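Before any comments, here is the structure.
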Amino acid sequence: MSAESEVRRRIQERVRITFAAFMEIALYWPRGGYYTSREPIGAHGDYYTSPAVHPAFGALLAVQLYQMWQLLDRPAPFTILEPGAGSGLLCRDISSYAKKLPGDFAASLHYVCLDRRIAGPIESGLAKTSRVLADGVPFRGLQGCVLSNEYLDAFPVHQVVMTTDGLKEVYIGLEDGKLVELTGEPSDPRLAARFEGLGITLAQGQTAEVNLTLDRCYQDIAAAMDRGFVLSIDYGRTAQDLYDPERRFRGTLVTYQQHIQTDSPLTRIGSQDITAQVDFTSAAQAGEDARLDTLGLVTQREFLSNLNLDYWLQYLRDTSLLPRQMQANRAGILDLVRPEGLGDFKILAQGKNVGKPELWGLNQSTEATELVKSLPVPTLTDRHISLPDGRSSGSEVEFEAFWPLTDSETSEGPDGMPSR
């Protein structure tokens, strides 16, 4: 039974289903769900992510993890748990670059790739790595870091709309054999409670998305950890910005297929990505409710800049790379920090039983700056995307104008997430 057939079967059985239930089937149905039947990331997929753009992303995360390892008094094992690890590319980049960092950091690492239904082993050649298939976080007593990249946005979301009769929920039903959107009373009181807790009232006619699984997600993460950190990287906004009726009156739900934004969720079921921006205010609150301390929220651009990415960009000019290789590497690094793209992604840092340390990625530090200067710059491999091969070479000039980061450039630009 295909994903669409299962959607229709449930509607016939129940008259209608929530959009969250529809999205769950479309993305994760075992026989034909989007994430269970394809590798969506890469030049031949539907979108690309930061790890695929350049190994500098994983390398600088390794530098940040190195500081976390030191803050935890250098435990062995130091466990990195990555939910939604997919192909394991970020695992490979972090594990490989960890070998270049001082001390016994690399020897202390144990990297766990956690996924719901993605089969296949991690690539050979990586020591102390493992693949776990599970719904949830089936671990206890971990010391280390739970690291996710574009994981929260893949959770099914409820859709709501404000009407003259109050808050209503969007359901999926059938009319004349066609899938259609319907509205009705909210299926869960937590939907209205989410906006009340945020102090937000939607405008008349405004549509919005709500992720009700955040609480369970962070409860599972907190329960798995004895002591350590959580880094959640994704596209999204604070609640006041996310639910701004002037800028996001119709919400943020989008669909993608073959790098094209299609915005038609009731078609191509199981063959296209469905995603919505993350409410980082609610994510931080969910963590705090689970006894995780919020350490900071910054853009990916700020985070990588604080870890001295600009030094690596400058260093490329002094290497023996061929002109084409130079262009590809510079384009990849610049894409990681591009405004209105990957650079505007957010990184939420949380901790459990670690106090309130100043993480290198959240605040510039001399120690991080000098460490990165002593390390080799990572360069593209055949596992990464060469952006000049997939888009016009003139785009690199456009990105160059925004580097390096200055205080005047920290405000967010208009919507536009070309990576997704």
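The values are calculated or read from the model by the stated rules, or taken from the named source; none is laboratory data. Bear in mind the structure is a predicted one, so any value in this text is a computation, not a measurement. When we count neighbours, we look across all protein chains shown, and the Cβ atoms used for this are built from the backbone with ideal geometry, even at glycine.
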>> Just the residues that are modelled with pLDDT under 95 and of a type in the set (D, E), please, taken from segment 311-337.
In response: D318
>> Against the condition touching a Lys or Arg at 6+ places or on another chain (Cβ under 7 Å), among the aliphatic types (A, V, I, L, M) and surrounded by 13 or more Cβ atoms within 10 Å (Cβ to Cβ), how does L316 come out, does it pass?
In response: yes
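Farther than 20 Å from P83 by Cβ and part of a loop (DSSP other than H, G, I, E, B): does that describe E246?
The answer is yes for E246.
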>> Condition (residue is in contact (Cβ under 8 Å) with a residue 60 or more places away in the chain and on the phi > 0 side of the Ramachandran plot) applied to segment 157-165: is it met by at least one residue?
In response: no
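Of the residues I94, I118, I122, which single one is modelled with pLDDT of 95 or more and touching a Gly at 6+ places or on another chain (Cβ under 7 Å)?
When all the criteria are applied, what remains is I94.
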> Just checking, how many residues over segment 162-183 are over 15 Å from R16 (Cβ atoms) and surrounded by 15 or more Cβ atoms within 10 Å (Cβ to Cβ)?
Replying inline: 2
>> Condition (residue is farther than 30 Å from A224 by Cα and not hydroxyl-bearing (S, T, Y)) applied to segment 298-309: is it met by at least one residue?
In response: yes
>> Given the criterion under 20 Å from the mean Cα position of the chain (by Cα), farther than 25 Å from L142 by Cβ and among the polar types (S, T, N, Q), identify the matching residue among T238, T213, T207, T201.
In response: T238
> How many residues are surrounded by fewer than 20 Cβ atoms within 10 Å (Cβ to Cβ) and either in a loop (DSSP other than H, G, I, E, B) or assigned by TED's automatic domain parsing to the domain that holds I11 (or both) when one looks only at segment 123-144?
Replying inline: 13
> When only residues in segment 223-246 that are surrounded by fewer than 20 Cβ atoms within 10 Å (Cβ to Cβ) and in contact with a helix residue (DSSP H, G or I) (Cβ under 8 Å, 6 or more places away or on another chain) count, which is nearest to M162 (Cα to Cα)?
Replying inline: Q240
> Which of the residues spanning segment 162-204 are more than 27 Å from V7 (Cα to Cα) and small (G, A, S)?
Replying inline: G166, A193, G197, G199, A203
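Among L147, L179, L174, which is within 20 Å of the chain's Cα centre (by Cα) and not in a loop (DSSP other than H, G, I, E, B)?
On the way: L179 fails: within 20 Å of the chain's Cα centre (by Cα); L174 fails: within 20 Å of the chain's Cα centre (by Cα).
That would be L147, the only listed residue that is within 20 Å of the chain's Cα centre (by Cα) and not in a loop (DSSP other than H, G, I, E, B).
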